[in-house]
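**Student:** Submitted below is the structure of interest, expressed as C-alpha cells.
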Amino acid sequence: MKPRERNQDDAPRRVRTQAVTAVVAIGASMGGAEALEQILDKYPENCQPTIIVQHIPEKLGPGLANRLQKVCAAQVRVAENGMILQPGLVLVAPGGSHTLLRRRGADYYVLVKEGPQFNYHKPSVDVLFRSVARHAGHAAVGVLLTGMGKDGAKGLKLMRDAGAATIAQDESTSMIFGMPKAAIEIGAAGQVLPVQHIANQITALTTSGARKARPVSAERNLDVTIPGIPAGALKPLWMAGTMYKVSYEGKRKILFN
C-alpha cells in the first residue's frame, strides 16, 4: 500500500471509505514474535486496524511482517508514513524509526519519523501508546506483551486513563515478564491474560455492539436528525470512531462522553 497524497502538514488528503470504530495498539519485545503469532493466528479478516511495535533492529520490519502474514487472515504490512488505517489492516512498525498514531477528521493514519531512542528503543512502545492515548482515547485497545524492561508501561497507563481498554500478558505465558509486570505494577493493565486468550478479547472489545459509551461529562444542543430513533429514546451512536449518546427530549441533543 502506497502512502496517499498528503497536505503540507503531512496528513493524508483523501478519506478512507471503511469505518474504523477502534484502534488496537500492541507492544512487545523479547519473545514477542511468538506471542504475536499466537494472537494474529486468531485475528478475523475484518479486524479493526492494529499497529504493532516489536523491538527490532532496522531493516527487519519486512521479515517480521512476512512471518506474521503467514498466520494472519488480515493484511499485514510494514507501516509507511501517511498510511490511513482501515479494517483488515495490521501494521508493523519499521525498525530504526518511531511509529505514531495521528487523526484528521474521521481518519486515523500513522506517522513514521526519525528521532532519538526512547526507553533505549527505536521503535518505542511508549511512543506509540502515548500517541494512541491522545488521538484515539477510549476508542482504542492497548496490549503489552512479553519483553524485558519497562517500555510501554507508562504509555499503557496513559491509554487506560484516557478510557482505552488495556491488556497485559500474564507471567505464565511471557518469555520475559518485564514489560507486562511493569504495567501491572502501576495500574496500567485493565486485564491480565494468557496470550492464547488475548485475540478473542481484542475482538470482543473492538466489536461495536460490545462497546459502551463512557459517562457523560458535557452536552450541547444540536439540530440533528437520526432516522429510526424515536422521541425520548436514549441510544448509543458511533460517529467518527467515537461513541456518543443521542437523546430526543425537547431539543435534539447529543450527549458527549
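The values are calculated or read from the model by the stated rules, or taken from the named source; none is laboratory data. Quantities reported herein were computed from a predicted structural model and do not represent experimental measurements. Because the Cβ atoms are built from the backbone with ideal geometry, glycine has one as well, and the counts that use them run over all protein chains shown. In case anyone asks, the SASA skips ligands and DNA or RNA and just uses the protein heavy atoms, side chains included. Shrake-Rupley method; radii C 1.70, N 1.55, O 1.52, S 1.80 Å.
**Student:** Set the bar at 26 Å for Cα to Cα. Now go through 42/122; 122/154; 70/181 and name every pair that lies beyond it. Don't jump to the answer; show the numbers that get you there.
**Tutor:** On the way: 42/122 28 Å; 122/154 16 Å; 70/181 30 Å.
Going by Cα-Cα distance, 42/122; 70/181 fall outside the 26 Å limit.
**Student:** Moving on to the next point. Can you give the local net charge around residue 40? Use residues other than it whose beta-carbon is closer than 15 angstrom to its beta-carbon, Lys and Arg +1, Asp and Glu -1. Walk me through the numbers before you get to the answer.
**Tutor:** Working: positive: 42, 67, 70, 77; negative: 34, 37, 41, 45.
Spelling it out: positives minus negatives among the neighbours equals 0.
**Student:** Using 0.36 nm per residue of separation minus the Cα-Cα distance, give me the extension gain between residue 114 and residue 41 in nm, one decimal.
**Tutor:** Residue separation times 0.36 nm, minus the Cα-Cα distance, leaves 23.2 nm.
**Student:** Within the accessible area of region 67-122, what % is carbon and sulfur when the probe is 1.4 Å and the other protein chains stay in place? If you can, show how the numbers build up before the last one.
**Tutor:** Numbers: 1120 of 2280 Å².
Its accessible area is 49 percent carbon and sulfur atoms.
**Student:** If you don't mind, there's one more thing I want to ask. Once ligands and nucleic acids are excluded and a 1.4 Å probe is used, how much of residue 29 is accessible, expressed in Å² to the nearest 10?
**Tutor:** Estimated to the nearest 10 Å², residue 29 gives 20 Å².
**Student:** Right, something else. For region 62-135, what is the accessible area per residue in Å², given a 1.4 Å probe and the full set of protein chains? Spell out each step's value before the answer.
**Tutor:** On the way: 2890 Å² over 74 residues.
Value for region 62-135: 39 Å² per residue.
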